[in-house]
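The values are calculated or read from the model by the stated rules, or taken from the named source; none is laboratory data. Everything numeric here is computed off the predicted structure, so don't read it as measured data. Here the Cβ positions follow ideal geometry from the backbone for every residue, glycine too, while neighbour counts run over all protein chains shown.
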Amino acid sequence: MRRLQNLLFKLSLCLSLTGALGAATPAFAQAGGGRSHGGGDEQQSQDDAKKKKRDDEFGKSVAPLPQLRNAGPCPFVKTLYDAARYVEFKDGVAASANVGYTGEIQSITSVCAYKSNEPIRVQARVLFELGRGPQATGRGTTYKYWVAVTDRNNAVLSKEWFSLPVNFPSGQDRVYATETLGLITIPRRDAKVSGANFEVLIGFDVTPQMADFNRQGKRFRPNAGAGQPGAASQQ
């Protein structure tokens, strides 16, 4: 697991957001991976089965994020449907035989902390599932992804890009990688501005073609290799 230290978003905007603070009970975690596109019962069943297998294999091997105390609700931390998957196609032709490297954001967990008029401090952990299709060259690649802070349902306040190098062991065409974001700091104008006014969005750096492919709900996955999926963690 590769830890990204001291991720700091310094916003020069004077935020004029207002909003009441939540109840005194701390709100610790926001479950991520939420996407703005629904699926049918069959897709839901496949997703549930995949999640159970993933949790069985990897859920117990990663320590949970430390719980932090805060005075109000945390910002929503999630991925956008258009950028939640990464699928390369040889010559730009969307066909299973043309798939190169692939990736998918499987889950996001987060915690936050703030009080009085202090900035909001967010920590997040992202689980990626990464694949190597029939047209992939070499045994590894470097994926690009971004993290953005937004004024909820409005403007992007800050955005940064990161690299995720991944190698695929011989006989395996899928690996998992966990990325832990150290600190995302969101300044507030005063104590009346709660975490609910912000979102932290995470997504792959995709081309317009990839985004359109995701938007249409299409899915191409490489056939499983002879080995079992491996766990690729950077720290």
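Tabulated data for the structure shown
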item	result
Count - residues of the stretch 94-114 that are of a type in the set (A, V, I, L, M, F, W, C) and part of a strand (DSSP E or B)	6
Flag if I120 is out of contact with any Lys or Arg (no Cβ under 6 Å at 6 or more places or on another chain) and under 14 Å from G203 (Cα atoms)	no
Matching residues in the stretch 150-171 - criterion: being buried (at least 19 other Cβ atoms within 10 Å of the Cβ) and over 30 Å from C74 (Cβ atoms)	F168
Residue among D205, D212 that is surrounded by fewer than 20 Cβ atoms within 10 Å (Cβ to Cβ), closer than 15 Å to L164 by Cα and either touching a His at 6+ places or on another chain (Cβ under 6 Å) or of a type in the set (D, E, K, R) (or both)	D205
In the stretch 125-134, the residues that are part of a loop (DSSP other than H, G, I, E, B) and either of a type in the set (S, T, N, Q) or crowded, with 21+ Cβ neighbours inside 10 Å (or both)	G133
Of all residues in the stretch 178-210 being modelled with pLDDT under 95 and small (G, A, S), the one that is nearest to the chain's Cα centre (by Cα)	G182
Index of the failed condition, G72 passing every other in (1) more than 24 Å from S163 (Cα to Cα); (2) modelled with pLDDT under 90; (3) surrounded by fewer than 20 Cβ atoms within 10 Å (Cβ to Cβ)	(3)
Tally, over the stretch 135-151, of residues that are more than 17 Å from the chain's Cα centre (by Cα), more than 12 Å from E88 (Cβ to Cβ) and either part of a strand (DSSP E or B) or among the basic types (K, R) (or both)	3
Single match in V122, V147, V175, V99 (criterion: closer than 17 Å to K78 by Cβ, touching a Phe, Trp or Tyr at 6+ places or on another chain (Cβ under 8 Å) and crowded, with 20+ Cβ neighbours inside 10 Å)	V147
Residue count for the stretch 180-198, restricted to those that are out of contact with any Phe, Trp or Tyr (no Cβ under 7 Å at 6 or more places or on another chain) and assigned to a strand (DSSP E or B)	5
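Let's see how each residue does on (1) hydroxyl-bearing (S, T, Y); (2) in contact with a helix residue (DSSP H, G or I) (Cβ under 7 Å, 6 or more places away or on another chain); (3) under 16 Å from G203 (Cα atoms):
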{"position": "A95", "(1), (2), (3)": "no, no, no"}
{"position": "S116", "(1), (2), (3)": "yes, no, no"}
{"position": "T142", "(1), (2), (3)": "yes, no, yes"}
{"position": "R152", "(1), (2), (3)": "no, yes, no"}
{"position": "S158", "(1), (2), (3)": "yes, no, yes"}
{"position": "F162", "(1), (2), (3)": "no, no, yes"}
{"position": "N167", "(1), (2), (3)": "no, no, no"}
{"position": "T180", "(1), (2), (3)": "yes, no, yes"}
